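The values are calculated or read from the model by the stated rules, or taken from the named source; none is laboratory data. For clarity, every value in this text was computed on a predicted model and none was experimentally measured. Glycine also receives a Cβ, built like all others from the backbone with ideal geometry; neighbour counts cover every protein chain displayed.
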Amino acid sequence: MKISEIETIVKLMSKNNLTEFKIEASEYNLCIRRGSDSPVAAPAMPAIMTEQQIAAPAAQASSPQIAPVAPAEPSVPVNHIESPIVGTFYRAASPEAPEFVKIGDRVTADTVVCIVEAMKVMNEVQAEKDGVIKEILVKNASPVEYGQPLFVIE
């Protein structure tokens, strides 16, 4: 696998908000994880280096070195409301109910901005700061991760 192919995979992961990509072939195994500050992201480097080590014997002695590619971190707004848990993001209490907040709404610290469902429990998420909702970063009924930005607030 060429470095340009790996870079393309990382860009597609970022564009589609994917946190993990795995591919296994007879010549190599590649696993890329992104979006986590925990040590879990560390296995991405050995997988890329393994690909390099496998490619080296197959090529001549003058083969170019492949530098490890760090997974791209998504740009996180400075002022945001993030998910307190892993679950499913909902903008309203039910499909028929109005959305908790819309872009341009002024919120206070105790305003409920969404619900994150985890294990059949509906968890209300509060703004935890005063401000105005500038952007909604997640589609309704989408899976979210712990610490994932949900709203931009100013």
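Quick notes on this structure:
- Listed conditions (1) touching a helix residue (DSSP H, G or I) at 6+ places or on another chain (Cβ under 9 Å); (2) among the small types (Gly, Ala, Ser); (3) modelled with pLDDT of 65 or more are all met by ALA97, apart from (1).
- Within segment 17-27, the presence of a residue that is at pLDDT below 75, of a type outside the set (Phe, Trp, Tyr) and either closer than 23 Å to VAL144 by Cα or in the same structural domain as ALA127 (by TED's automatic domain parsing) (or both) is excluded.
- Evaluated against (1) within 18 Å of ASN79 (Cβ to Cβ); (2) touching a residue at least 24 places away in the same chain (Cβ under 8 Å), ASP110 falls short on exactly one condition, (2).
- Every residue from segment 103-124 that is under 17 Å from SER142 (Cα atoms) and exposed (fewer than 14 other Cβ atoms within 10 Å of the Cβ): MET119, LYS120, VAL121, MET122, GLU124
- Residue in segment 36-52 that is within 20 Å of SER142 (Cβ to Cβ), at pLDDT below 60 and not β-branched (Val, Ile, Thr) present: yes
- All told, ASP105 meets the bar of being assigned by TED's automatic domain parsing to the domain that holds PRO149, under 11 Å from ILE153 (Cα atoms) and of a type in the set (Asp, Glu).
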